[in-house]
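Below is one structure, written out as structure tokens; the observations come after it.
The values are calculated or read from the model by the stated rules, or taken from the named source; none is laboratory data. All values reported here derive from a predicted model rather than from experimental measurement. Positions of Cβ are backbone-derived with ideal geometry, glycine not excepted, and every protein chain shown enters the neighbour counts.
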Amino acid sequence: MRNIIKGILATVFLSSLVACQEDKKDQQISSEEIAKNSKELNNYFEAEFEKDLAESPMMQTRLGRKTAYGKWDDFSSQKYTEDLEKAKKRLDFIKNKVDEFALDNSTKLSYRLFKQSLKDEITDYDYRFYNYPINQMHGYHAELPAFLINMHRIDSVADAEAYIQRLNGMPKVMEQIIEGLRIREKNGILPPQFVFEKVIEDSRNVIKGKPFTNSKETSTLLEDFKTKVKVLKLPASEQLALVNKAENALNTSVRTAYENLITTLEDQQQRATTDHGAWKFPQGEAFYNNRLKRITTTSLNSNEIHEIGLSEVARIHREMEEIMKKTGFKGSLQDFFEFMRTDKQFYYPNTPEGKKRYLSEATALITNMKSKLNDLFITKPKADIVVKEVEAFREKSAGKAFYQQPALDGSRPGTYYANLYDMNAMPTYQMEALAFHEGIPGHHMQIAIAQELDSIPMFRKFSFYTAYVEGWGLYSEFVPKEIGFYKDPYSDFGRLAMELWRSCRLVVDTGIHAKKWTREEGIAYYKENTPNAESDCVKMVERHIVMPGQATAYKIGMNKIVELREEAKDQLGEDFDIREFHDVVLTNGAVPLNILEEMVQEWVKSKKA
């Protein structure tokens, strides 16, 4: 789903915000005028957010709203062009008709963020087809059913009818997606061979079971619909009528949509190659450099990122060797990796009981961390968090773990998804770090707090800067150690293993997309340098391939947060308060790393004044 936050500043006339032709930077502006202008611009931000929100029924649902509840977003290629024209008009307005110097500091920050976002959107238009909408990580073939299962609540008959309407709307959505796939192929953007086998299997899984076949198994979507409708406690005849309508929609509309997609994918599969990096694209080098700039919000190039990765891998290996000595293990670090990779004490069985135990213990870790939050934070989220297993229809291809944000209205908690398809890829020694990253104090703290802030406009509550968001997630794996977690050396090793994993990402992502590494070379690097299961290594490399640059954000972001924290501690000494530092980081929503640096510096300056 496209980010509806892009291009929120529609061109409207705000008389009090229209700047005169002369530069007002050095003019005296009264506090009353600044307050008035800031209030009007923030009202404008809210109004424009609502306009763009009206174009996204799916985002409305994500926010807990039931307007346009039976509709899907527009996935057509024409939407890119429409969005570009809006962005150009909005940028012209924001640059030429809004007086930045007549705004308060918070609104100035909003002004800066949107101005840069519009510039980025216009630049990125040249690369609008440089992605794989159907991929094994977050492809639409899996995301659309997951959206219905996880986002579409059924609290009434009308909600059930809206669910059925969305099922019947699938063919149009898939037609738009297929059109995009064909355009990409014409432009030389075609996924490598391995992607097709995975996404075709996942697509077939969606239309497996009743009512698509006569098997005893019920399809994932029908099971979801029946479970939700059952809660309504309707008369049996009314409930049966709704289920029959859903079955008909599944058997006709959903079947048609997925069969058309599968046919298209099978056709493209015949022309797919084993070239994996973005270098293979037309203007691939320029695209990847632009991608790194967006993902990291820095000017670091691929060679610099690659070298940072190599340096971090070497450092973490040295720290791991120290832990290895503490455990009394005899042998090399590679021997220790093999021990951690294969010893049964670190893995629960691949059974319902083993999976239930993992989920239960992960939940307990998050619950325990909740009780320690006062030691680290001033601001804490109101929204709750739950731990869930990734759904069966997508677990084979999905990533190891991920977070789903709560509904804005509190109707849905945040969710930490653990992928338990292969329990050998979910070692218990990494359980703490993974729960802290995806849950508390990681993504749930950062994202839920941002959504609940009253001090920033809506668009900033839902901004997403990957280096900031994932940098905070990785930083959140480290900071619990400072308040007594990771007491078990194996668990502390697991924390380092997770950081090592993100450091290797810097090496492998740039290796594949800038240095022409093969898929196999990337897998070999992970296997040689980490204790992770081979299945982990394969999935990670395949993620690099379909999401160029994305995985570099974690370590670059974490490094910046740690760097800013250490600089603040050096300058403030005993006046440094970790809780205040975290408040500075978390209470402005997601921001680029250069803006984060400015905010921390301003905080330090204010503390020293």
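Residues to consider are Leu420, Leu496; find the one that is of a type outside the set (Val, Ile, Thr), in a helix (DSSP H, G or I) and touching a helix residue (DSSP H, G or I) at 6+ places or on another chain (Cβ under 7 Å). Matching residue, one of Leu420, Leu496: Leu496.
When we screen Lys388, Lys370, Lys380 for residues that are in contact with a strand residue (DSSP E or B) (Cβ under 7 Å, 6 or more places away or on another chain) and charged (D, E, K, R), the only hit is Lys388.
The single condition from (1) under 16 Å from the mean Cα position of the chain (by Cα); (2) farther than 28 Å from Thr218 by Cβ; (3) charged (D, E, K, R) that Lys400 fails is (2). On the given criteria, is Ala249 assigned by TED's automatic domain parsing to the domain that holds Leu167 and within 16 Å of Ile207 (Cα to Cα)? Judged against the criteria, Ala249 is a match.
Counting the residues of the range 499-523 that are part of a helix (DSSP H, G or I) and either of a type in the set (Phe, Trp, Tyr) or in contact with a strand residue (DSSP E or B) (Cβ under 9 Å, 6 or more places away or on another chain) (or both) gives 1. When each of Ser411, Ser397 is tested for being of a type outside the set (A, V, I, L, M), outside any helix (DSSP H, G or I) and either surrounded by 22 or more Cβ atoms within 10 Å (Cβ to Cβ) or free of Cβ contacts under 8 Å to residues at least 60 places away in the same chain (or both), the lone residue that passes is Ser397. Quick one: in the range 198-231, which of the residues that are of a type in the set (Asp, Glu) and without any contact (Cβ under 8 Å) to a residue 60 or more places away in the chain is nearest to Leu167 (Cα to Cα)? The selected residue is Glu223.
Can you confirm whether Arg166 is closer than 23 Å to Arg271 by Cβ, surrounded by 15 or more Cβ atoms within 10 Å (Cβ to Cβ) and either out of contact with any Ser or Thr (no Cβ under 8 Å at 6 or more places or on another chain) or not basic (Lys, Arg) (or both)? Spelling it out, it is not the case that Arg166 is closer than 23 Å to Arg271 by Cβ, surrounded by 15 or more Cβ atoms within 10 Å (Cβ to Cβ) and either out of contact with any Ser or Thr (no Cβ under 8 Å at 6 or more places or on another chain) or not basic (Lys, Arg) (or both). When each of Met137, Met170 is tested for being within 27 Å of the chain's Cα centre (by Cα) and closer than 25 Å to Glu542 by Cα, the lone residue that passes is Met137. In this structure, is Phe485 among the aromatic types (Phe, Trp, Tyr), out of contact with any His (no Cβ under 9 Å at 6 or more places or on another chain), assigned to a loop (DSSP other than H, G, I, E, B) and outside the structural domain of Leu41 (by TED's automatic domain parsing)? Against the criterion (among the aromatic types (Phe, Trp, Tyr), out of contact with any His (no Cβ under 9 Å at 6 or more places or on another chain), assigned to a loop (DSSP other than H, G, I, E, B) and outside the structural domain of Leu41 (by TED's automatic domain parsing)), Phe485 qualifies.
Take the conditions over 17 Å from Glu259 (Cβ atoms), modelled with pLDDT of 95 or more and among the basic types (Lys, Arg) and apply them to Arg184. Does it pass? The answer is yes for Arg184. Taking the range 1-120 as the region of interest, the helices (runs of 4 or more DSSP H) fully inside it that hold 3 or more residues being exposed (fewer than 14 other Cβ atoms within 10 Å of the Cβ) and at pLDDT 90 or above are 31-54, 78-96.
Within the range 306-321, the set of residues being more than 15 Å from Lys555 (Cβ to Cβ) and loosely packed, with under 12 Cβ neighbours inside 10 Å comprises Arg318 only.
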